[in-house]
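K.L.:
Would you mind keeping the following structure in view while I ask a few things?
The values are calculated or read from the model by the stated rules, or taken from the named source; none is laboratory data. These figures come from a predicted structure and were not determined experimentally. Backbone-built Cβ (ideal geometry, glycine too); neighbour counts: all protein chains shown.
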Amino acid sequence: MLRFIIRRLLLSLVTLAILLLIITALPNLAPGDPARKVAGGTASPERLAQVTEDLGLNDSIITQIGDSVTSVATLDFGTTADGRPVTDVVRTSLWNSFKLVTLSLLVIVPLSILGGMVAAYKKDTWIDRTIVNVGLAFSAIPDFVAGVFLLAFLGVPFEFFKVQANAPGAGPLTQIQHLLLPVIAVLAVYFGYLARITRAGTINALDADYTRTAFMRGLSTRDVFKSHVARNALQPTVAVLGTQLGYLFGGMVALEQVFTYPGVGKLIIDAVNGAEYPLLRAGVLAVAVIYMLATLTADVVIAYMNPRARLSVGDS
Amino acid sequence: MSDSAKPTPPSANDPSASTTPTSPAASAQAPPTSNEGKASRNQIRREQRRVLFRSPAFIVGCLIVGFWILAAVFPSLLTTFGEKDFVPAGSNSEPFGDSWLGTDSSGWDVYTRVIYGARPILIVAPIATAAAIVVGTLLGLVMGYYRGLVDEILSRILEALLSIPVILMAILVVVTFGNSRPVIIGTIGLLFVPAITRTIRSAAIAEADLDYVTSAKMRGESGFFIVTREILPNVVGLVVVELTVRLGYAIFTYATLAFLGQTGGNFTDADWGVDVASNFNQIVNDRWWPSIWPAAAIASLVIGVNLIADSIDKALKS
């Protein structure tokens with residue numbers, strides 16, 4: 001098991017190194033003056049010089065890569081335009097994203113697993129079809145579209161739902177109340193996907209010999225699900241959750257914009273609009289690290305659930 | 001990136017390259033054994049097409065997508081106004097009153113904006129998807145058939161591209177290369193390559209182990225012939241599914257980029273994502289229609305494309 005984790009970790013580090021390389025090299029590849037593109041056409045010459053410096057374009061590509069590696073190793077990405085350390089700014093928005101993601105997971109995971117299992121158990125009935133089709137329709141919709149709909153049809157008519165997701169300094173319950181609308185939007189986007197994966201896994205597990213044996217031994221449906229079906233049926237769900245966690249952290253750029261929530265997504269779009277490349281770079285890397293850790297954790301959990309999976313790592 | 005599309009790895013004629021263990025592959029399609037020849041494959045195709053054309057989901061999807069294509073190509077057939085005409089109803093008029101879907105704060109007709117807004121998204125998304133499919137399928141086939149060192153290196157690079165959310169990578173690329181329309185198309189196309197490559201690659205790995213590939217090799221066919229004439233026809237169903245699924249994502253991605261103001265151009269031009277972004281602040285003032293209608297348009301187009309994707313997938317599995 002330890003060997004598995006180490007091997008998996010090394011693979012992720014290689015991936016991360018390549019990403020770092022891509023992010024560092026990107027401005028060098030752009031035709032024309034990348035600083036002008038980042039800073040916008042009307043930027044003053046001083047601002048242009050500053051952006052060129054920020055992009056590291058005055059140095060050779062080797063120096064730039066060296067600088068990137070150093071800043072990752074020391075967690076020092078310089079300062080923002082208004083003088084705050086980039087690391088602190090990123091940390092604050094990561095914490096905000098963490099709150100939103102945790103609450104979303106607490107709502108989404110149980111609901112979608114339950115939904116998927118019910119759909120599988122009631123396969124080919126109207127219940128199954130409703131869960132699958134409604135989920136499918138919603139999961140296709142971009143998150144900000146769902147967010148705007150929720151804003152109009154829940155946020156405005158009902159005092160209970162808050163249109164601003166951020167409630168700094170408020171008690172935990174009030175904060176949760178403020179986060180409800182974005183969480184529902186995330187639920188709409190992810191429920192169908194997760195439920196579908198769970199449904200497929202459950203159908204496979206329900207078809208398996210051991211499940212039939214368990215039913216024939218006279219176990220109740222509840223017991224069969226608990227001790228025989230769940231462990232096997234949920235492996236794909238765990239794998240998907242691992243990959244989606246990274247997306248939850250950094251992919252909700254537009255949704256955070258709708259509810260003016262200062263998470264990583266908003267950080268990144270603000271960095272873009274303010275032409276703050278170091279902030280942008282650090283934010284993107286933070287998302288990538290979280291994604292890496294999430295998929296790693298998912299793989300370890302799956303390996304724990306299914307010993308056979310330990311053998312096939314790397315053969316992706 | 002694009003010159004890596006046609007590498008000839010050193011292992012080209014190394015038979016051991018195809019004996020590497022298969023990974024959990026290609027589930028979307030049960031490949032017909034091509035030993036039975038072209039005739040039976042055509043018959044299966046015909047059967048699948050029949051199932052497809054009778055599927056209600058497919059018909060509804062086509063109607064929705066067809067409507068928006070009509071709007072994108074001939075907007076003036078569907079509305080009498082121009083996208084920036086000031087209409088008689090004035091500004092901020094409520095829907096179903098003086099103007100069908102209401103007017104926004106600039107005095108533009110929301111229905112007209114929605115009709116004209118179909119154009120940018122329906123130019124960018126299909127072109128980007130087509131480019132991604134061509135590159136992704138080629139890469140996937142070559143990597144899956146030849147395996148070896150090049151495959152290993154490319155796999156790592158593609159994985160790195162997939163390791164942050166597509167929308168973040170898109171923002172990053174668009175920011176550095178400028179937000180002109182060709183850049184947007186290229187970015188969305190490039191970002192969809194990894195996922196397509198991964199799917200096609202694992203299908204190609206599974207195919208490469210089958211008897212018909214072995215016998216083609218023994219006949220002394222070239223690698224190019226085997227990949228394009230033997231393997232490709234057997235994964236073409238998968239390619240079609242990928243095409244429709246990715247088209248949905250491309251619409252998704254373009255709409256999000258537009259909403260975030262990263263698509264450049266003139267922000268007064270009708271564009272669903274841009275229109276949602278510039279009007280959703282008024283929802284709290286009870287003026288929901290200038291943003292909800294374009295949002296509904298995005299939703300309907302994505303759902304339409306997904307209905308088509310889903311029914312094609314089902315027909316191929318039937």
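One line per residue, one yes/no per condition, for (1) touching a residue at least 24 places away in the same chain (Cβ under 8 Å); (2) aliphatic (A, V, I, L, M); (3) within 14 Å of chain B (Cβ to nearest Cβ):
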| position | (1), (2), (3) |
| --- | --- |
| A:103 | yes, yes, no |
| A:106 | no, yes, no |
| A:114 | no, yes, no |
| A:121 | yes, no, no |
| A:125 | no, no, no |
| A:141 | yes, yes, yes |
| A:146 | yes, yes, yes |
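K.L.:
Picking from B:243, B:260, which residue would you name as being in contact (Cβ under 8 Å) with a residue 60 or more places away in the chain, touching a helix residue (DSSP H, G or I) at 6+ places or on another chain (Cβ under 8 Å) and buried (at least 24 other Cβ atoms within 10 Å of the Cβ)?
P.N.:
The conditions single out B:260.
K.L.:
Looking at (1) away from every other protein chain (no Cβ under 14 Å); (2) out of contact with any strand residue (DSSP E or B) (no Cβ under 9 Å at 6 or more places or on another chain); (3) buried (at least 23 other Cβ atoms within 10 Å of the Cβ), can you tell me which one residue B:167 breaks?
P.N.:
(1)
Table: residues versus (1) in contact with a helix residue (DSSP H, G or I) (Cβ under 8 Å, 6 or more places away or on another chain); (2) under 30 Å from residue A:253 (Cβ atoms).
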{"site": "B:215", "(1), (2)": "no, no"}
{"site": "B:227", "(1), (2)": "yes, no"}
{"site": "B:305", "(1), (2)": "yes, yes"}
{"site": "B:313", "(1), (2)": "yes, yes"}
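K.L.:
If you don't mind, there's one more thing I want to ask. Return only the number of the condition from (1) part of a helix (DSSP H, G or I); (2) surrounded by fewer than 24 Cβ atoms within 10 Å (Cβ to Cβ); (3) in contact with a Lys or Arg (Cβ under 9 Å, 6 or more places away or on another chain) that residue B:268 does not satisfy.
P.N.:
Going through (1) part of a helix (DSSP H, G or I); (2) surrounded by fewer than 24 Cβ atoms within 10 Å (Cβ to Cβ); (3) in contact with a Lys or Arg (Cβ under 9 Å, 6 or more places away or on another chain) one by one, residue B:268 breaks only (1).
K.L.:
Sticking with this one: Can you tell me which of (1) in contact (Cβ under 8 Å) with a residue 40 or more places away in the chain; (2) part of a helix (DSSP H, G or I) is the one residue B:105 doesn't meet?
P.N.:
(2)
K.L.:
Can you pull out every residue in the range B:285-304 that is at the interface with another protein chain (Cβ under 8 Å from one of its Cβ atoms) and within 18 Å of the chain's Cα centre (by Cα)?
P.N.:
B:298, B:299, B:302, B:303
K.L.:
Right, something else. Take residue B:127 and tell me if it is free of Cβ contacts under 8 Å to residues at least 12 places away in the same chain and surrounded by fewer than 23 Cβ atoms within 10 Å (Cβ to Cβ).
P.N.:
No: the conditions fail for residue B:127.
K.L.:
Do you know which of the residues in the range A:246-258 that are within 17 Å of residue A:95 (Cβ to Cβ) and of a type in the set (A, V, I, L, M, F, W, C) is surrounded by the most Cβ atoms within 10 Å (Cβ to Cβ)?
P.N.:
A:252
K.L.:
Taking the range B:261-284 as the search range and keeping residues that are of a type in the set (Val, Ile, Thr) and away from chain A (no Cβ under 11 Å), which one is farthest from residue B:177 (Cα to Cα)?
P.N.:
Looking at residues that are of a type in the set (Val, Ile, Thr) and away from chain A (no Cβ under 11 Å), I get B:268.
K.L.:
So if I check each of B:219, B:229, B:156, which one is within 14 Å of chain A (Cβ to nearest Cβ), free of Cβ contacts under 8 Å to residues at least 12 places away in the same chain and surrounded by fewer than 21 Cβ atoms within 10 Å (Cβ to Cβ)?
P.N.:
Selected residue: B:156, the only one of B:219, B:229, B:156 that is within 14 Å of chain A (Cβ to nearest Cβ), free of Cβ contacts under 8 Å to residues at least 12 places away in the same chain and surrounded by fewer than 21 Cβ atoms within 10 Å (Cβ to Cβ).
K.L.:
Turning to a different aspect of this structure: Take the residues in the range A:70-86 that are surrounded by 13 or more Cβ atoms within 10 Å (Cβ to Cβ) and out of contact with any helix residue (DSSP H, G or I) (no Cβ under 7 Å at 6 or more places or on another chain); name whichever of them is nearest to residue A:270 (Cα to Cα).
P.N.:
Per the stated criteria, the residue is A:81.
K.L.:
Could I ask something else about it? What do you reckon, is residue A:94 crowded, with 17+ Cβ neighbours inside 10 Å and either in a helix (DSSP H, G or I) or at positive phi (or both)?
P.N.:
yes
K.L.:
How many of the residues making up the range B:78-96 are at negative phi and free of Cβ contacts under 8 Å to residues at least 40 places away in the same chain?
P.N.:
Number of matching residues: 12.
K.L.:
Let me ask something else. So if I check each of A:88, A:67, which one is outside any loop (DSSP other than H, G, I, E, B), of a type in the set (Asp, Glu) and at pLDDT 80 or above?
P.N.:
Being outside any loop (DSSP other than H, G, I, E, B), of a type in the set (Asp, Glu) and at pLDDT 80 or above holds for just one of A:88, A:67, which is A:88.
K.L.:
Taking the range B:182-216, which residues are under 29 Å from residue B:121 (Cβ atoms) and touching a residue at least 60 places away in the same chain (Cβ under 8 Å)?
P.N.:
B:184, B:185, B:188, B:189, B:190, B:191, B:192, B:193, B:196, B:197, B:199, B:200
K.L.:
Any residue in the range A:224-251 that's over 18 Å from residue A:12 (Cβ atoms): show its pairings with residues that are modelled with pLDDT under 75 at Cβ separation under 7 Å, as long as the two are six or more apart or on different chains.
P.N.:
So the pair list comes out as A:231/A:305; A:235/A:305; A:235/A:306.
K.L.:
If you check every pair at least six apart or on different chains, which have Cβ atoms under 7 Å apart with a residue in the range A:1-26 that is in the same structural domain as residue A:60 (by TED's automatic domain parsing) first and a residue that is among the polar types (S, T, N, Q) and crowded, with 18+ Cβ neighbours inside 10 Å second?
P.N.:
As it stands, the answer is A:15/B:163; A:19/B:163; A:20/A:68; A:24/A:64; A:24/A:68; A:26/B:176, since those pairs meet every condition given.
K.L.:
From the list A:143, A:207, which one is more than 19 Å from the chain's Cα centre (by Cα) and either in the same structural domain as residue A:245 (by TED's automatic domain parsing) or of a type in the set (D, E, K, R) (or both)?
P.N.:
A:207
K.L.:
Something else: Can you give me the number of residues within the range A:108-148 that are closer than 20 Å to residue A:229 by Cα, charged (D, E, K, R) and part of a helix (DSSP H, G or I)?
P.N.:
1
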